[in-house]
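Trainee: Input: one structure, supplied below.
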Amino acid sequence: MVTTGLTHHTYPLSKLLYLSSTLALPHALTIFNQILNPTIFLYNTLISSVLSSTNRKCETQLAFSLYERVLWDKTIRPNSHTYPSLFKACGSHLHGLALHAHVLKFLGLAYDDFVQTSLLNFYAKYGKLGVARCLFDQIRNPDLATWNSMLSAYGSGVTSEEEDTSVSMEALCLFTEMQKNPLVKPNEVTLVALVSACANLGALCQGIWAHVYVLKYNIKLNYYVGTALIDMYSKCGCLDLAYQVFDELPERDILCYNAMIGGFGIHGYGHKALQLFEKMKFQRLVPDDVTFVVTMCACSHVGLVDEGCKVFESINEDYGKEPKLEHYGCLIDLLGRAGRVQEAEEKLKGMPMKPNAILWRSLLGAARVHGNLQVGEIALKHLLELEPETSGNYVLLSNMYASINRWEDVKRVRKLMKDHGINKMPGSSLVEVNGAMHQFLIGDKTHPWSKRIYLKLEEVGKRLQQYGHKPRTKEVLFDIDEEEKEDALTYHSERLAIAFALVASDSTAPIRIIKNLRVCSDCHESTKLISMIYGRDIIVRDRIRFHQFKNGTCSCRDYW
């Protein structure tokens, strides 16, 4: 190239720079620094090549230093090809905002869809889904990659439990819009985003449709798609279908095993989870951090304390790793659920790292369930230091005081909440009926079928009384008379969802409900009886696990 004069031409030089940067970056920089007047095309080539390297931290600094040289060079200006790579490499939200300002400064509003998609991905990465969607809506004819970017953003950009449902709903609505475009056909990335949204919502019908689409159009059932389907069927309460997908996968990686072990865990099949954990090791797959978490959680849900402790010990003894914070969290939960609250507290205090709010909340929850007020108050003290604005911490302690009729203490905790400007997260339940999702809040009267729902609730209440059900009013936090407490329990969100399903769905169809909070003990007992009285299978996924109610019993065996 030197002898033929090709080093004076941009295109062959860009190819040389790209190849050199993939083989020996210092050599590429040496070549670049010998170019007298590098064009923006050459800068863009080198920036993009540098950022495709595996050594991300150093190369990111180099890429931005090259961009700084562009800004200092008065003979050239950044263009639409300069920014997409830089947005991918942004290490903070503030850096990206500065870069967005540069886009507006140098490109104005005339930048292309490629830059727009890069901006979309950047804002989604930092949880700014509203901004990402606004950018998406400005793209006239989004291609498949852009649709996938927005759908994936909805799957990964959730910043709180409250947002989870609404964001997943947005993903399903967006996919419906995508289907109206005959030129855009879903691929593996699309379907994984769709299936993940279905998993969050418990939207089984839409999840099955996605699975059928995979089979109909011969989309490869790889690790990525297979893991998403296993997770979806598990979270929609169809464990048999989840295992069928797992069993039919031609090859399984650690992610597939993690999804299936996790599915067994949340459904209360701890022994099956342990068997699969052993099978995975037999296949010479090395457990990762998630594997230990889902396996220990599976043990925790059914009281397999010794087995769970062995899994925890194996992290260091068998694999030479130091347990992480999340593994200690599982251990605390495992011991606490089993009533070994003092031991759980000792383990927490003896950790080599500082406990976070999740661990203290787990200890507080165990103290509430097992009536250990002393430990509960200690846990809350630490929680208020770490998370003074999280309502669930106060509610747990309030429940504990209410259960022993210490109403003055309940009022004190409520005053603390009020002083901090904190409101209790409202209970919410989703139920799928005839392929459509319906959401209910506690005491909800906004549903079009509201009158019929409340008439059904009255009927259900009378039939529960006939079967000897006595409401567990200690779950109600207010110091009011027993009759008012019973009314408060009757209008919990899952009761409304069940009443609607009894009215609106086929009498033989299972009722599937997704709750944002943990199910209360009174609703748990009531739902067991309702499953027997009305002959309906009722599957409830609360914040912690699944409860499958059938013929008056629950799959959790009252260990939850």
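Trainee: From LEU204, LEU221, LEU229, grab the single residue that is buried (at least 24 other Cβ atoms within 10 Å of the Cβ) and touching a residue at least 24 places away in the same chain (Cβ under 8 Å).
Mentor: After ruling out the rest, the residue left standing is LEU229.
Trainee: Among the listed residues SER118, SER21, SER65, SER52, identify the single one that is open to solvent by less than 70 Å² (accessible area, probe 1.4 Å), under 30 Å from VAL2 (Cβ atoms), of a type in the set (Gly, Ala, Ser) and touching a residue at least 12 places away in the same chain (Cβ under 8 Å).
Mentor: SER21
Trainee: Right, something else. Out of VAL184, VAL225, VAL212, which single residue is assigned to a helix (DSSP H, G or I), closer than 27 Å to ALA132 by Cβ and β-branched (Val, Ile, Thr)?
Mentor: VAL225
Trainee: Restricting attention to the range 408-428, report how many residues are surrounded by fewer than 16 Cβ atoms within 10 Å (Cβ to Cβ) and of a type in the set (A, V, I, L, M, F, W, C).
Mentor: Matching residues across the range 408-428 total 1.
Trainee: Just for the range 461-497: of the residues that are of a type in the set (Val, Ile, Thr) and at pLDDT 55 or above, which one is surrounded by the fewest Cβ atoms within 10 Å (Cβ to Cβ)?
Mentor: THR473
Trainee: Restricting to the range 415-460, and then to whatever is closer than 20 Å to ILE539 by Cα and out of contact with any strand residue (DSSP E or B) (no Cβ under 9 Å at 6 or more places or on another chain), can you tell me which residue is modelled with the lowest pLDDT?
Mentor: Checked the range 415-460; the qualifying residue modelled with the lowest pLDDT is GLY435.
Trainee: Considering each of ASP240, ASP253 in turn, give the residue that is free of Cβ contacts under 8 Å to residues at least 12 places away in the same chain and more than 15 Å from GLY202 (Cα to Cα).
Mentor: The conditions single out ASP240.
Trainee: Does the range 332-345 include one or more residues that are of a type in the set (S, T, N, Q), part of a helix (DSSP H, G or I) and open to solvent by 40 Å² or more (accessible area, probe 1.4 Å)?
Mentor: Yes, the range 332-345 has at least one match.
Trainee: Quick check on this structure: which one of TYR126, TYR111 is buried (at least 16 other Cβ atoms within 10 Å of the Cβ), farther than 26 Å from SER21 by Cα and touching a His at 6+ places or on another chain (Cβ under 7 Å)?
Mentor: Sole residue among the options that is buried (at least 16 other Cβ atoms within 10 Å of the Cβ), farther than 26 Å from SER21 by Cα and touching a His at 6+ places or on another chain (Cβ under 7 Å): TYR126.
Trainee: Something else now. May I ask you to verify whether ASN405 is polar (S, T, N, Q), surrounded by fewer than 20 Cβ atoms within 10 Å (Cβ to Cβ) and outside any helix (DSSP H, G or I)?
Mentor: Judged against the criteria, ASN405 is a match.
Trainee: Looking at the structure I just gave you, is GLY371 more than 26 Å from the chain's Cα centre (by Cα) and either at pLDDT below 80 or not acidic (Asp, Glu) (or both)?
Mentor: yes
Trainee: Just give me the residues in the range 504-560 being surrounded by fewer than 21 Cβ atoms within 10 Å (Cβ to Cβ), of a type in the set (A, V, I, L, M) and out of contact with any strand residue (DSSP E or B) (no Cβ under 6 Å at 6 or more places or on another chain), in sequence order.
Mentor: ALA509, LEU529, MET532, ILE533, ILE544
Trainee: If you don't mind, there's one more thing I want to ask. From the list SER521, SER507, SER526, which residue is within 26 Å of PHE264 (Cβ to Cβ), at pLDDT below 95 and of a type outside the set (Phe, Trp, Tyr)?
Mentor: Just one listed residue meets the conditions, SER521.
Trainee: Do we find that PHE500 is modelled with pLDDT of 85 or more, assigned to a helix (DSSP H, G or I) and of a type in the set (Phe, Trp, Tyr) in this structure?
Mentor: yes
The values are calculated or read from the model by the stated rules, or taken from the named source; none is laboratory data. These numbers come from a predicted model, not from an experiment. So basically every Cβ, Gly included, is an ideal-geometry build from the backbone, and we count neighbours across all protein chains shown. Heads up: the accessible areas ignore ligands, DNA and RNA and are worked out on the full protein's heavy atoms, side chains in. Shrake-Rupley method; radii C 1.70, N 1.55, O 1.52, S 1.80 Å.
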